[in-house]
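J.: Just passing along the structure, written as structure tokens.
We did not get these values from a lab; they are worked out from the coordinates using the rules stated. Note that the coordinates shown come from a computational prediction; the quantities given were computed from them, not determined experimentally. We place every Cβ from the backbone using ideal geometry, glycine too, and count neighbours over all the protein chains shown.
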Amino acid sequence: MQLHELTSTQLMAGIRHQDLCSRDLVTYFLNRIEQLNPSLNAFLSVTGDSAIEQAERIDARRSRGESIGMLQGLPIAVKDNICVRGELTTCGSQMLRNFRPPYDAHVVERIRSEDGIIVGKLNMDEFAMGSTSETSFAGPARNPWNLNCTAGGSSGGSAVAVAAGMVPLALGSDTGGSIRQPAGFCGVVGMKPTYGRVSRYGLVAYASSLDQIGPFARDVNGVALLLNVIGGRDVRDSTSLDMEFPELGGYSGEHADLKGVRVGVVEEHFGAGLDPEVAAAVQGTVRRFESLGAEIVPLHLPHSRYSIAAYYLIACCEASSNLARYDGVHYGHRADSFENLVDLYCQSRGEAFGAEVKRRIMLGTFALSAGYYDAYYLKALKVRRRIREDFDKAFAAVDVIVSPVAPTAAFRLGEMLSDPLAMYLSDIYTISANLAGIPGIAVPSGQTASGLPIASQLLAAPFEEKKLLRLAAAIEMPATFPAV
Ligand code: GLN
């Protein structure tokens, strides 16, 4: 087996038993990035020299017998909307193509303090708006299982980097499914934690009440490891939670006994529009739960059919406010020629934002304007509340809900570009979790006849990450590898 086929747990065992050193590992993965990135376009920038220096420092400490942090010198890459001090942080946008933040995001600080090594920044839809990674100013990341298919989005680069073995672990952000859907499309594990579990300090905001940073890995244990490192209270994010983070890790599906576990299956999740191959794979997950002793409970989430409308209103409203700072003065691209201040704003924003970002800013501004605020924004907030109440009721009756991640496997590149509404509709299974603030995880569950990965989504009540990980590990299939 080659190094990139190993899970993070196996790599760390290699380091601990001194078969591997961090420098060799980082060099190996940097070579792999160099070799594969021209075809996959997962990385927007690579921080090679500083990564090797850090690895050497960790190896030196290890050889002096000093203790090493939880991440043991593993290479890790982060989505390009997460600030890394002094490194380009473009958010996939012309607007920020030269932006180098003067500080590290909280999650980056946490990774460094546990001896993880940041090796680069990952491709994404512009400002995390999209489900295909095609709105990136650098062009789309490509799905390693089929280069003509999208990687999913918006954290497409993160999913590709892990799926193709360019890094063992990565971070993405999930506002409406942007971790779970690309993880599902690329055949890796991806998790959105409970809202507030992970500090958003240093995450460039898209829709602040929905955004959450989370991990990608080849297996559930890798996701648990990275979540353990990044989770917890940070005073710089007032929505981050002041609660103890339970020790995580050591999850194994072997001989799991799920007697007494109640697994919810929501009727609304298996209706029209769901691809039969995806439905069959997710039903397979339900049967695996059953064969391990779990009880299957049919459920309803009656307000879930309003989730897309509510999400796209709330997300666009928040985005229109968050993106106001990119005016060519406070932040971002400034037009070369303009006549006055208003013209400077218009030219700079007009030149540097892509079509999807402009569409959402306009939608959000409209929905927040006097006269429409009550009819649209306030209404959407009320629907959001109902969706949360549906979940509260459901989780009084079950431990976990199993659903598809997306209605289909990966789409072909270009398929959704001319039809934004069709793209929005494809978020149907993921966005409710963000509206309700609950944790969710995508776990590989099979393949289509044409060889594309299919995933199942597991959802749990707020703060039940540990339960979610344990149940995900119970039904996890061994990681497979695309022929790249
Ligand atoms: N596809 C959704 C959107 O476009 C979700 C994006 C995300 O989670 N960042 O808003």
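J.: Which residues, counting only those in the stretch 268-307, are among the acidic types (D, E) and more than 26 Å from the chain's Cα centre (by Cα)?
T.: Hits for the stretch 268-307 are E290, E295.
J.: Kindly indicate which of L469, L421 is closer than 16 Å to I179 by Cα and not basic (K, R).
T.: Result of the check over L469, L421: L469.
J.: Looking at (1) surrounded by fewer than 17 Cβ atoms within 10 Å (Cβ to Cβ); (2) free of Cβ contacts under 8 Å to residues at least 40 places away in the same chain, which is the one condition that is false for D59?
T.: Among (1) surrounded by fewer than 17 Cβ atoms within 10 Å (Cβ to Cβ); (2) free of Cβ contacts under 8 Å to residues at least 40 places away in the same chain, D59 violates only (1).
J.: Hey, another quick one. Suppose we filter P215, P276 for residues that are without any contact (Cβ under 8 Å) to a residue 60 or more places away in the chain, of a type outside the set (D, E) and buried (at least 19 other Cβ atoms within 10 Å of the Cβ); which single one remains?
T.: Details: P276 fails: buried (at least 19 other Cβ atoms within 10 Å of the Cβ).
Testing whether each residue is without any contact (Cβ under 8 Å) to a residue 60 or more places away in the chain, of a type outside the set (D, E) and buried (at least 19 other Cβ atoms within 10 Å of the Cβ) leaves just P215.
J.: Out of the residues in the stretch 136-164 that are polar (S, T, N, Q), buried (at least 24 other Cβ atoms within 10 Å of the Cβ) and more than 14 Å from S426 (Cα to Cα), which is farthest from the ligand (Cβ to nearest atom)?
T.: Here the answer is N143.
J.: Please go through the stretch 252-273 and give me each residue that is in a strand (DSSP E or B) and buried (at least 18 other Cβ atoms within 10 Å of the Cβ), ordered by number. Before the answer, list the steps.
T.: Within the stretch 252-273, the subset in a strand (DSSP E or B) is 262-266.
Listed by number, the residues that qualify are V263, G264, V265, V266.
J.: Still on this structure, I have one more. Within the stretch 273-287, does at least one residue satisfy the condition of being in contact with a strand residue (DSSP E or B) (Cβ under 9 Å, 6 or more places away or on another chain) and farther than 20 Å from G446 by Cα?
T.: Checking the stretch 273-287: not a single residue is in contact with a strand residue (DSSP E or B) (Cβ under 9 Å, 6 or more places away or on another chain) and farther than 20 Å from G446 by Cα.
J.: List the number of the failed condition for A433; all other conditions in (1) within 16 Å of the ligand (Cβ to nearest atom); (2) buried (at least 24 other Cβ atoms within 10 Å of the Cβ); (3) within 21 Å of E134 (Cα to Cα) hold.
T.: (3)
J.: Restricting to the stretch 156-177, give me the number of residues that are under 8 Å from the mean Cα position of the chain (by Cα) and more than 16 Å from F411 (Cβ to Cβ).
T.: 5
J.: Which residue is nearest to I454 (Cα to Cα), if the candidates are limited to the stretch 280-312 and must be touching a Leu at 6+ places or on another chain (Cβ under 8 Å) and assigned to a helix (DSSP H, G or I)? Write out each step before concluding.
T.: Taking the stretch 280-312 and keeping what is touching a Leu at 6+ places or on another chain (Cβ under 8 Å), we get 289, 292-294, 307-308, 310-312.
Within this subset, residues satisfying the condition of being assigned to a helix (DSSP H, G or I) are 289, 307-308, 310-312.
Working: F289: 17, S307: 23, I308: 22, A310: 27, Y311: 24, Y312: 25 Å.
Checked the stretch 280-312; the qualifying residue nearest to I454 (Cα to Cα) is F289.
J.: Also: Collect the residues in the stretch 123-135 that are within 11 Å of the ligand (Cβ to nearest atom) and over 14 Å from the mean Cα position of the chain (by Cα), keeping them in residue-number order.
T.: Those that are within 11 Å of the ligand (Cβ to nearest atom) and over 14 Å from the mean Cα position of the chain (by Cα): E126, T135.
J.: Any residue in the stretch 82-89 that is in contact (Cβ under 8 Å) with a residue 60 or more places away in the chain, under 18 Å from N221 (Cβ atoms) and surrounded by 19 or more Cβ atoms within 10 Å (Cβ to Cβ)?
T.: No, the stretch 82-89 contains no residue that is in contact (Cβ under 8 Å) with a residue 60 or more places away in the chain, under 18 Å from N221 (Cβ atoms) and surrounded by 19 or more Cβ atoms within 10 Å (Cβ to Cβ).
J.: Look at N143 and say whether it is out of contact with any Ser or Thr (no Cβ under 9 Å at 6 or more places or on another chain) and not hydrophobic (A, V, I, L, M, F, W, C). Lay out the reasoning, then the answer.
T.: Values: out of contact with any Ser or Thr (no Cβ under 9 Å at 6 or more places or on another chain): no; not hydrophobic (A, V, I, L, M, F, W, C): yes.
No: the conditions fail for N143.
J.: Any idea which of R287, R305 is farther than 22 Å from Q94 by Cβ, in contact (Cβ under 8 Å) with a residue 24 or more places away in the chain, surrounded by fewer than 20 Cβ atoms within 10 Å (Cβ to Cβ) and more than 16 Å from the ligand (Cβ to nearest atom)?
T.: R305
J.: From the list V167, V198, V223, pick out the single residue that is crowded, with 24+ Cβ neighbours inside 10 Å, within 23 Å of P404 (Cβ to Cβ) and more than 12 Å from the ligand (Cβ to nearest atom).
T.: Of the residues listed, the single one that is crowded, with 24+ Cβ neighbours inside 10 Å, within 23 Å of P404 (Cβ to Cβ) and more than 12 Å from the ligand (Cβ to nearest atom) is V223.
J.: Go through the residues of the stretch 177-193 one by one and say whether even a single one is in contact (Cβ under 8 Å) with a residue 12 or more places away in the chain, β-branched (V, I, T), away from the ligand (no atom under 16 Å from the Cβ) and crowded, with 24+ Cβ neighbours inside 10 Å.
T.: From the stretch 177-193, those in contact (Cβ under 8 Å) with a residue 12 or more places away in the chain are 177-193; that's our starting set.
Of the ones still in play, those that are also β-branched (V, I, T) are 179, 188-189.
Subsequent filtering for residues that are away from the ligand (no atom under 16 Å from the Cβ) retains 188-189.
Among the residues that remain, those that are also crowded, with 24+ Cβ neighbours inside 10 Å are: 188-189.
Yes, there is a match, as at least one residue in the stretch 177-193 is in contact (Cβ under 8 Å) with a residue 12 or more places away in the chain, β-branched (V, I, T), away from the ligand (no atom under 16 Å from the Cβ) and crowded, with 24+ Cβ neighbours inside 10 Å.
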